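> Here you go, one structure.
The values are calculated or read from the model by the stated rules, or taken from the named source; none is laboratory data. This structure is a prediction, so every number in the text was calculated from the model and none was measured. All Cβ positions, glycine included, derive from the backbone under ideal geometry; neighbour counts span all protein chains shown. These area figures cover heavy atoms from the full protein model, side chains too; ligands, DNA and RNA do not enter into them. Shrake-Rupley method; radii C 1.70, N 1.55, O 1.52, S 1.80 Å.
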Amino acid sequence: MAVPWQSIELTVNGLKTQVLRAGTGEPLMFWHGGGTVGGWDFAAPWTERFQVYLPLHPGYGGSGDDPGMTTIQDYVMHYLDLLDALSIERFNLVGLSLGGWMAASFATQHSSRLKKLVLVAPAGLWIKEHPSTDIFRLKPEELAPALAENLAALGPPPDPHDVDFIVQSYREMTTLARIGWQRLYDPKLSKHLHRVRVPTLFVWGKQDRIAPVAQADSWTALVRGSTLRTFSPAGHAVLNERPEAVRAIAEFVTA
Amino acid sequence: MAAPKEGVVAKWQDDLQFYTMHFMPYVYLPPDHKRFDSLWVDFSNKYFDPEKGHALYERYIKEMVLADQLGYDGLVVNEHHNTVYSMMPVCTLMAAALIPLTRRAKICCFGVPVNLEMPNRLAEAYGMLDVMSGGRLEIALPLGTGMEYWANSLVNPATARARFRESLEVLLQAWTQEGPSQFDGEFFNYRYLNPWPRPLQKPHPKIAIVGSGSPETVQVAAERGFGYASVFVPIAVQEKTFRKLREEMPKYGHEFTPDKALFNVMAYVAETEKLAEEEFREHVRYWVEDTTRTTPRYLNPPGYISPEQLRIRAAATASHGGFDWQVLTSQWRIVYGTADKVANILGQWCESANSSRPVIHHHLGDMPHWKVVKNMTLFAEEVIPRLRGRQPSATAQPLTAEPAGGQARAAAGAH
């Protein structure tokens, strides 16, 4: 179902920031992953219960580029400014992959502003026994198959020779490289996750080939009182692939 | 040799110097190598046979020594990583090896990709080479190809250009301020910037920026008043690059001189044009199709260029064919034929680029030793005198009293 997103543009600490908004209710903010393939229509069930805010990270979509944003903490600070601009004090936060890493970092510092936290196949932890796939090593043609168990869930495949698509992908990878060319995790995050003091749900696709589901054990052990829901068959793009995962998140946040 | 003072040399003929450049490639590719879409970055080093590599080093060094004996003004080495394209991942080592084997030619490191070194260590290495060679060092500073950032992935390509600029600041501070000095930057902090040894040339060896003509690298050269060493790109791109350099440099209080436009040429001289083509063409093909073969992903790691630049490159790649001899020899600086023809064309190129520094590849790809010796010798004996004959006032003097042609004959006789 296509979501009737309203696109708003704000200037946040000097940086153009695009926010997609839909639905009414309590605020639920979604922080997207390192790529934008697949789109955001999966969020339709959320818009029935919440006012969904979907900001495009700096370096993605209609948001501007800031070469100075080189750490996850830069994004945490950016989102504190955005929350001020939107006059949002307390909210529900869902973060996917890279956005999950941002959300986890945010929660270690600002749990009091969160009602519920959902981390979907988050990046950020370094788990030696179950390492994440280094997406910088993936060839363009390897990326989509690594993301999803059911490729059709990501929509029609983009034309690999389409210059607009090539440039957009390059821009997204550039943003990602600024944050994590050397490592797409924070070796210190595990020391700080005990500070997440908000009801937290982890959501994972059982066939995730980017962040293996086995990583979930470390996360749930580090975030006290957290729970895990897994879905199958689903890969890293579990939200696109499994509508029941999206509904489960809505239920967790509502409860 | 006293370098011409900035501002004195206005015409390319007044200061014409001939540099010869060697990539020192590894040429023993497996029979099925065409199935690899890149011979860079991830092409397995299991295909490198050190015994064959040893023989190649001995041969390539001999070719550079011959160039010195033939009277070439500069011996150019450069650096690449994880590739058959070059066996010089540490080009300062090759420069050091050449110093005691050569007498007059400048040793040109064109050079270490600045971002792959700590800038104080670069100042040290180049300081050593300049002092060891008695002031024969000349350097050119490359950002490094995209492939170098995959091979040396500790350096972030997304910050490569900012880091390059800062490294340059460190390097120049190290060479222009008495040590110890302090440096506080975004990427580097030095409490005691004080590299020993200091270069012999004052204030430092001649510096150029290496590049393919991207606006950012031309800008750095213009701001600093450095030379610009254009890598092998189409003639139109080189000319546009040098035009930009000539326009921009005065804006920063620097004067453009023809020695600041260094351009790469592939040249082959033989008795007849037909023979030259026969002997040369297959090695150009090998260079184009094999040693430079890599993927767009490796050419442009994330952040290495802006999305706008990528759009230009992506559009260009779509229209780019493979090896096309007609296109290569008309739109690129590839010249072959008799000495007359090569001298004529090279003279025209120096004229149109207002450059007194052609950097000539006498060896290319899998060219055998005998062809390199023949080409290099004929070029030195027959092409250089024809071009030197054009200069209205001879200001460029070799260190020895012997004219270049005489040296060439003596050396050719010895081989």
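> Looking at region B:63-78 only, could you name the residues that are closer than 10 Å to B:A380 by Cα and part of a loop (DSSP other than H, G, I, E, B)?
B:L70, B:G71, B:Y72, listed by residue number.
> If a residue has to be more than 27 Å from B:T377 (Cβ to Cβ) and within 20 Å of the chain's Cα centre (by Cα) to count, how many in region B:247-285 make the cut?
Adding up the residues that qualify gives 3.
> Wholly within region B:188-305, which helices (runs of 4 or more DSSP H) include no fewer than the required count, namely at least 3 residues that are in contact (Cβ under 8 Å) with a residue 24 or more places away in the chain and in contact with a Lys or Arg (Cβ under 9 Å, 6 or more places away or on another chain)? Working first, answer last.
On the way: elements: B:215-224, B:235-248, B:273-286, B:296-299.
The qualifying helices (runs of 4 or more DSSP H) are B:215-224, B:235-248, B:273-286.
> Select, from A:A234, A:A216, A:A221, A:A211, the only residue that is crowded, with 18+ Cβ neighbours inside 10 Å and free of Cβ contacts under 8 Å to residues at least 24 places away in the same chain.
Numbers: A:A234 fails: free of Cβ contacts under 8 Å to residues at least 24 places away in the same chain; A:A221 fails: crowded, with 18+ Cβ neighbours inside 10 Å; A:A211 fails: free of Cβ contacts under 8 Å to residues at least 24 places away in the same chain.
Exactly one of A:A234, A:A216, A:A221, A:A211 is crowded, with 18+ Cβ neighbours inside 10 Å and free of Cβ contacts under 8 Å to residues at least 24 places away in the same chain, namely A:A216.
Residue-wise test of (1) within 28 Å of B:G303 (Cα to Cα); (2) of a type in the set (G, A, S).
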site	(1), (2)
A:S105	yes, yes
A:R113	no, no
A:L138	yes, no
A:G155	yes, yes
A:R171	yes, no
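Yes or no, residue by residue, for (1) at pLDDT 95 or above; (2) facing another protein chain (nearest Cβ under 10 Å); (3) outside any strand (DSSP E or B):
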| position | (1), (2), (3) |
| --- | --- |
| B:Y126 | yes, no, yes |
| B:D130 | yes, no, yes |
| B:E138 | yes, no, no |
| B:Y149 | yes, yes, yes |
| B:S153 | no, yes, yes |
| B:E166 | yes, no, yes |
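> How many of the residues making up region B:11-28 are open to solvent by 20 Å² or more (accessible area, probe 1.4 Å) and among the acidic types (D, E)?
Total meeting the criteria: 1.
> Out of the residues in region B:191-210 that are among the hydrophobic types (A, V, I, L, M, F, W, C) and farther than 18 Å from B:I107 by Cα, which is surrounded by the most Cβ atoms within 10 Å (Cβ to Cβ)? Give the steps one after another, and end with the answer.
Filtering region B:191-210 for residues among the hydrophobic types (A, V, I, L, M, F, W, C) gives B:193, B:196, B:200, B:207-210.
With the extra rule that they be farther than 18 Å from B:I107 by Cα, the set shrinks to B:193, B:196.
On the way: B:L193: 20, B:W196: 10.
For region B:191-210, the residue satisfying everything is B:L193.
> Given region B:329-389, what helices (runs of 4 or more DSSP H) lie entirely inside it while holding 3 or more residues that are among the β-branched types (V, I, T) and crowded, with 17+ Cβ neighbours inside 10 Å?
On the way: elements: B:339-353, B:369-378, B:384-388.
Ranges flagged: B:369-378.
> Next question, about the same structure. What residue, among those in region A:156-203 that are polar (S, T, N, Q) and either assigned to a loop (DSSP other than H, G, I, E, B) or within 12 Å of chain B (Cβ to nearest Cβ) (or both), is most open to solvent (accessible area, probe 1.4 Å)?
Here is the first cut: in region A:156-203, the ones polar (S, T, N, Q) are A:168-169, A:174-175, A:182, A:190, A:200.
Remaining after also requiring either assigned to a loop (DSSP other than H, G, I, E, B) or within 12 Å of chain B (Cβ to nearest Cβ) (or both): A:168-169, A:174-175, A:182.
On the way: A:Q168: 91, A:S169: 37, A:T174: 8, A:T175: 2, A:Q182: 110 Å².
If we take residues in region A:156-203 being polar (S, T, N, Q) and either assigned to a loop (DSSP other than H, G, I, E, B) or within 12 Å of chain B (Cβ to nearest Cβ) (or both), then A:Q182 is most open to solvent (accessible area, probe 1.4 Å).
> If B:K34 satisfies every condition in (1) open to solvent by 10 Å² or more (accessible area, probe 1.4 Å); (2) assigned to a helix (DSSP H, G or I); (3) more than 25 Å from B:N300 (Cα to Cα); (4) not acidic (D, E) but one, which is the exception?
Failed condition: (3).
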